[in-house]
Amino acid sequence: MANYSLKINNETHTVDVSPDTPLLWVLRGELKLYGTKYGCGIAQCGACTVHIDGLPIRSCSIPIENVDNKSITTIEGLSEKSDHPVQMAWEAEDVPQCGYCQSGQIMTAVALLERIPNPTDEEINRAMKGNICRCGTYSRICKAIKAAAKNIES
């Protein structure tokens, strides 16, 4: 066990866990931030995506020792009232069905729009291809990303 200082959603947390503990287990088990989901456990489905220093990262496969003193944003930290333009577009386009993958999808979409403010379909497909939705809402996800891009732009 070791102490790690984590800046999560602009708050500092100290946890005492094994260095190889995945960030996802710390978020959910230690800090009770349940918005980030466990999907495949091998960084293949994207359900556990969070931002680390602004980049979308799969939290199920990154050991806590690799994120000490880095800035981490989870879906809970994206906005106080779930009113981030991407979250609002998600709701307006009626994207969620079962909802399980949605936090990872949204975190990946936000990172895309921060990097490419007005993405093409190809850029959206490339950025989102690692996020799997078992309900198949991909066309709605694409519409929501484009709507969010317009809302952010205006």
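The values are calculated or read from the model by the stated rules, or taken from the named source; none is laboratory data. Only a predicted model underlies this, so the values are computations on that prediction, with no experimental measurement involved. Virtual Cβ from ideal backbone geometry, glycine too; neighbours counted across all protein chains shown. Please note that ligands, DNA and RNA were not included when accessible areas were found on the heavy atoms of the full protein model with its side chains. Shrake-Rupley method; radii C 1.70, N 1.55, O 1.52, S 1.80 Å.
Residue-by-condition table, conditions (1) in contact with a strand residue (DSSP E or B) (Cβ under 6 Å, 6 or more places away or on another chain); (2) at negative phi:
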position	(1), (2)
3	yes, yes
29	no, yes
34	no, yes
42	no, yes
46	no, no
52	yes, yes
61	no, yes
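Scan the stretch 133-145 and give yes if some residue there is in a helix (DSSP H, G or I), open to solvent by 20 Å² or more (accessible area, probe 1.4 Å) and basic (Lys, Arg), otherwise no. Scanning the stretch 133-145 turns up at least one residue that is in a helix (DSSP H, G or I), open to solvent by 20 Å² or more (accessible area, probe 1.4 Å) and basic (Lys, Arg).
Given the criteria under 18 Å from residue 1 (Cα atoms) and open to solvent by 10 Å² or more (accessible area, probe 1.4 Å), does residue 62 qualify? It is true that residue 62 is under 18 Å from residue 1 (Cα atoms) and open to solvent by 10 Å² or more (accessible area, probe 1.4 Å).
Condition check ((1) farther than 30 Å from residue 20 by Cβ; (2) of a type outside the set (S, T, N, Q); (3) part of a loop (DSSP other than H, G, I, E, B); (4) at pLDDT 95 or above) across all residues:
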| residue | (1), (2), (3), (4) |
| --- | --- |
| 35 | no, yes, yes, yes |
| 38 | no, yes, yes, yes |
| 45 | no, yes, yes, yes |
| 56 | no, yes, no, yes |
| 61 | no, no, yes, yes |
| 69 | no, no, yes, no |
| 87 | yes, no, no, yes |
| 91 | yes, yes, no, yes |
| 96 | yes, yes, yes, no |
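Going by the conditions given, is residue 49 in contact with a Cys (Cβ under 7 Å, 6 or more places away or on another chain), under 22 Å from residue 111 (Cα atoms), polar (S, T, N, Q) and surrounded by 13 or more Cβ atoms within 10 Å (Cβ to Cβ)? Answer is no for this residue.
Scan the stretch 1-20 residue by residue and report those that are exposed (fewer than 12 other Cβ atoms within 10 Å of the Cβ) and farther than 16 Å from residue 63 by Cβ. Once the filter is applied, which keeps residues that are exposed (fewer than 12 other Cβ atoms within 10 Å of the Cβ) and farther than 16 Å from residue 63 by Cβ, the stretch 1-20 yields 10, 11, 12, 14. For residue 107, state whether it is under 16 Å from the mean Cα position of the chain (by Cα), surrounded by fewer than 23 Cβ atoms within 10 Å (Cβ to Cβ), modelled with pLDDT of 95 or more and not in a strand (DSSP E or B). So residue 107 fails the test.
Report whether or not residue 21 is under 19 Å from residue 106 (Cα atoms) and either under 16 Å from the mean Cα position of the chain (by Cα) or touching a residue at least 40 places away in the same chain (Cβ under 8 Å) (or both). Spelling it out, it is not the case that residue 21 is under 19 Å from residue 106 (Cα atoms) and either under 16 Å from the mean Cα position of the chain (by Cα) or touching a residue at least 40 places away in the same chain (Cβ under 8 Å) (or both). Each residue in the stretch 65-79 was checked for being within 15 Å of the chain's Cα centre (by Cα) and open to solvent by 40 Å² or more (accessible area, probe 1.4 Å), and 2 of them qualify. Taking the stretch 1-33 as the range and being assigned to a strand (DSSP E or B) and within 28 Å of residue 134 (Cβ to Cβ) as the test, the residues that pass are 8, 22.
Could you look through the stretch 71-84, keep only residues that are among the small types (Gly, Ala, Ser) and part of a loop (DSSP other than H, G, I, E, B), and pick out the one that is modelled with the lowest pLDDT? Across the stretch 71-84, the extreme among qualifying residues is 82. Restricting the stretch 112-132 to residues that are crowded, with 19+ Cβ neighbours inside 10 Å and part of a helix (DSSP H, G or I) leaves a set whose member that is farthest from the chain's Cα centre (by Cα) is 124.
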